[in-house]
Amino acid sequence: MIWLNIGFNKVESFSLQDLSNETKFSIVIPFRNEAEMLPQLLQSIVNLNYKKTYFEIVFVDDDSNDSSIRLINESLKNTTIDFNIINNIRSSNSPKKDAITTAIKYAKYDWIITTDADCILPKYWLDCYDEFIQTQTCIAIAGPVKFIGSSSFFTRFQIMDTLSLQAATIGGFGQKKPFLCNGANFAYQISAFNTVNGFDGNTSIASGDDIFLLEKFIKFQKENVHYLKSDKAIVTTAVNTNLKALINQRLRWASKTVNYKAWLPRIIGLIVFITNFSIITLIPLTLFYLISLKTALLIFLIKASIDLLLLFKASRFFKQEPILLSYVFASLLYPFFNSYIAITSSFTSYQWKGRTFKTVKR
């Protein structure tokens, strides 16, 4: 955590310079029965500040049976936005990877940006990517994702968990050892995607359209893979509304760990699990007088303090400092939550978009 803290500070914040638009983008948005969430995404697309002739939207329908397609057409038909709705061509165990691969075959432009149907895009989103591309040599760019929700403790717990992941993402890039990114805000060149053979080798795994591709880009041209640390580039999405959905989401995320090729994310994941599980063992060790209560509290406070420092930096960047008011209670629950997900993810199936998937080791 200290190593990631140092890395977080090394990633410089990126500020817009009001450069003229130059880069053309193909925005890829897979969707499956997202009628409830699409209106906010579609409105944010309409509100994008970028030249309308410099981007297209490729919506990929993954067998929806609700009103998603009608909503897209009705919302965008009277605008000047270039958009297409295509059907997902399934060829693997990963619907989302298939959707992105299908979209890339239709894309007009070399720069792809992927996001999700339940997201809200910031007004200057494309301007940030464009100016970053103009001023940096890039083949891939990871962007920030912010989770929001009601003012309940359940929401704040999730936000703190996702802030830790965002902080680790930024910290890894700062240490020039990137190992995380989020497909809700991820840009890359089609030419680079084709050079690394896209998702080949990962198609048996349902999730991981972002991290496994990041691994390939790093292996191909690590020096040209960057993080866009700008508050104008933050994509927003909602937290889960119930515990079942949260567990399914975290099981899906954790199921990728056993398939990482890079050693760093495996080691970090293992350290995080061992640390949290060790915190749980402090309870029986204290009850049976194997260690003193004072020692147990000291160990917990050391862990909690180091975690809090990284969370504070992330919450300040994402302007979510008030959620830290629940940090003490959340830090007591988190070791149990983390350990449960880590232990069960290797053998438990999870639900995703109305489908059931199992962890597969490639």
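My understanding is that a pair violates if its Cα-Cα distance is over 19 Å; which of K105/K358; K123/K319; K256/K358; K96/K232; K51/K96; K146/K229 do that in this structure?
Working: K105/K358 28 Å; K123/K319 17 Å; K256/K358 11 Å; K96/K232 26 Å; K51/K96 28 Å; K146/K229 12 Å.
Distance filter (> 19 Å) returns K105/K358; K96/K232; K51/K96.
Quick one: ranking M1, M160, M37 by accessible area, 1.4 Å probe, largest first, what do you get?
On the way: M1 85, M160 10, M37 50 Å².
Sorted by accessible area, descending: M1, M37, M160.
What nm value, rounded to one decimal, do you get for the distance between K176 and R355 when each label is placed 7 Å out toward the C-beta?
Roughly 4.0 nm, to one decimal.
For q values of 0.12, 0.15 Å⁻¹, compute log₁₀ I(q)/I(0) with the Debye formula on a Cα-only model of segment 209-362, without solvent.
-0.71, -1.10
When the helices in the chain are scored as -39500 (n - 2.57) per DSSP H run of 4 or longer and the sum is shared across all residues, what 222 nm value do you end up with, to the nearest 500 deg cm²/dmol?
On the way: 12 runs with 169 residues, N = 362.
The helix contribution divided over the chain gives -15000 deg cm²/dmol.
What would the Debye equation give as log₁₀ I(q)/I(0) for segment 183-254 at q = 0.15, 0.18, 0.23 Å⁻¹, counting only Cα atoms as equal point scatterers?
Values returned for q = 0.15, 0.18, 0.23 Å⁻¹ are -0.67, -0.88, -1.12.
Between Q43 and T281, take the C-beta separation as r, use R0 = 35 Å, and let me know the FRET efficiency to the nearest 0.05. Can you show the working numbers first?
Details: r = 49 Å, r/R0 = 1.40.
Once rounded, the FRET efficiency stands at 0.10.
So how much slack lies between E36 and I2, counting 0.36 nm per residue of separation and subtracting their Cα-Cα distance, in nm?
Details: separation 34, 0.36 × 34 = 12.24 nm, distance 4.06 nm.
Length difference between fully extended and current span is 8.2 nm.
Hey, with R₀ at 41 Å, roughly what FRET efficiency would N242 and Y289 work out to, going by the Cβ-Cβ distance, to 0.05? Kindly include the intermediate steps, with their values, before the conclusion.
Values: r = 40 Å, r/R0 = 0.97.
Computed FRET efficiency for N242 and Y289: 0.55.
Could you state the accessible area per residue of segment 261-317 in Å², with a 1.4 Å probe and every protein chain left in place? Walk me through the intermediate numbers first.
Working: 3760 Å² over 57 residues.
Solvent-accessible surface per residue comes out at 66 Å².
In whole Å, what is the distance between the alpha-carbon centres of segment 95-170 and segment 218-255?
7 Å
Calculate the tail of P(r) for segment 237-319: the fraction of all Cα-Cα distances greater than 16 Å, expressed in %. Before the final figure, lay out the partial values.
On the way: 2388 of 3403 pairs.
Percentage above 16 Å: 70.
Among the trypsin sites (Lys or Arg not before Pro) within segment 80-160, which fall in a DSSP loop and have no more than 16 other Cβ atoms within 10 Å of their own Cβ?
Numbers: sites: R90, K96, K97, K105, K108, K123, K146, R156; in loops: R90, K108, K123.
Filter output for segment 80-160: R90, K108, K123.
Quick one: grab Rg to one decimal and Dmax as a whole number for segment 93-193, Cα atoms only, in Å.
In order Rg, Dmax, the Cα atoms of segment 93-193 give 15.2, 44 Å.
Test of understanding: given the chain, find the longest segment containing no chymotrypsin sites (Phe, Trp or Tyr not before Pro) that are in a DSSP loop and have at most 13 other Cβ atoms within 10 Å.
1-287
To test your reading of the geometry: what angle, between 0 and 90 degrees and rounded to tens, separates the Cα axis of helix 211-221 from the longest principal axis of the chain?
Its long axis makes an angle of about 70 degrees.
Dipole of the chain, Cα-centred, from +1 at each Lys and Arg C-beta and -1 at each Asp and Glu C-beta, to the nearest 20 debye? Provide the component values of the computation, followed by the final result.
Values: 38 positive and 28 negative charges, 213 e Å.
Here the chain has a charge dipole of around 1020 debye.
To the nearest 10 square angstrom, what accessible area does L270 show with a 1.4 Å probe?
Rounded to the nearest 10, the figure is 100 Å².
Which value, in nm² and rounded to one decimal, describes the direction-averaged projected area of the C-alpha convex hull of segment 2-134?
Values: hull surface 40.2 nm².
With every direction weighted equally, the projected area is 10.1 nm².
Under a point spin-label approximation (7 Å from Cα along Cα-to-Cβ), what is the S20-S150 distance to one decimal in nm?
5.1 nm
Please give, to one decimal in nm, the separation of the simple spin-label points placed at S91 and T79, each 7 Å out from Cα toward the Cβ.
Distance between the two pseudo-spin positions: 3.0 nm.
Note the full-extension length gain between S305 and T137 as 0.36 nm times their separation in residues minus their Cα-Cα distance, in nm to one decimal.
Working: separation 168, 0.36 × 168 = 60.48 nm, distance 3.73 nm.
That works out to 56.7 nm of additional length.
With volume of the Cα convex hull per residue in Å³ in mind, check (i) 194; (ii) 132; (iii) 168 and report the label derived from this structure.
Checked against the structure: label (ii).
The values are calculated or read from the model by the stated rules, or taken from the named source; none is laboratory data. Computed from a prediction, not measured in an experiment: that's the story for all the values here. Ideal geometry is used to build each Cβ from the backbone, glycine not excepted, and the neighbour counts take in all protein chains shown. Just so you know, the surface numbers come from the protein's heavy atoms only, side chains and all, with ligands and any DNA or RNA stripped out. Shrake-Rupley method; radii C 1.70, N 1.55, O 1.52, S 1.80 Å.
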